[in-house]
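Some notes on the structure that comes next.
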Amino acid sequence: MLSTLIHQHFKVRTSVHFHRPRTLKLPRTPRYPRKSVPKRDKLDAYAIIKHPLTTESAMKKIEDTNTLVFIVDIKSNKPQIRLAVKKLYNIDVQKVNTLITPNHEKKAYVRLAPDYDALDVANKIGII
C-alpha cells in the first residue's frame with residue numbers, strides 16, 4: 001500500500017523553459033466607456049487633397065499617361081488618397097504613386113481607370 005503512494009509518474013521535460021498553457025480569455029465587458037467622446041477623423045477627403053499640381057511635367061503626365069498629380073496631406077496613405085479622389089471628383093482610380101518632396105510635401109500621382117480621360121477630368125476640375 002505504501003509503495004503505490006510513493007510512485008507517481010511525471011511527464012519528462014525536455015526543455016528548460018516553461019511555457020504557460022493558453023487558457024480561456026473572455027471578452028471584456030466594461031462598466032463604462034473609457035473615453036467620453038469618440039475620436040474625430042481629422043483627415044476627411046477635403047483635408048487629404050490640398051490642391052492639384054499645374055506644372056509642365058504634371059500637364060505632360062495628364063496628356064501621356066492619363067495621370068493627375070495632386071499635393072496631398074503628408075499623413076495620408078494611398079487608400080485614403082484613392083477614396084478622396086473618388087469622393088471629390090467621381091472618378092475611378094487605377095493606381096496611386098506617392099513621394100515626399102524635399103520641401104516636405106507629399107505628391108500623389110493618381111492614374112485614372114482606362115474608361116476615364118484625364119484631360120476631361122482636368123478641365124472639369126479647372127486645372128487646364
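The values are calculated or read from the model by the stated rules, or taken from the named source; none is laboratory data. All of these numbers come straight from a predicted model, not from anything done at the bench. Cβ placement follows ideal geometry from the backbone for every residue including glycine, while neighbour counts extend to all protein chains displayed.
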### Query
Which one is modelled with the lowest pLDDT among residues in the range 39-62 that are over 21 Å from ASN123 (Cα atoms) and either in contact with a Phe, Trp or Tyr (Cβ under 7 Å, 6 or more places away or on another chain) or of a type in the set (Asp, Glu) (or both)?
ASP41
### Task
Restricting attention to the range 101-118, report how many residues are under 19 Å from the mean Cα position of the chain (by Cα) and either of a type in the set (Gly, Ala, Ser) or assigned to a loop (DSSP other than H, G, I, E, B) (or both).
2
### Task
Scan the range 76-89 and give yes if some residue there is surrounded by 10 or more Cβ atoms within 10 Å (Cβ to Cβ) and not in a helix (DSSP H, G or I), otherwise no.
yes
#### Entry: Complete set of residues in the range 90-100 that are over 16 Å from the mean Cα position of the chain (by Cα) and surrounded by 18 or more Cβ atoms within 10 Å (Cβ to Cβ)
ILE91
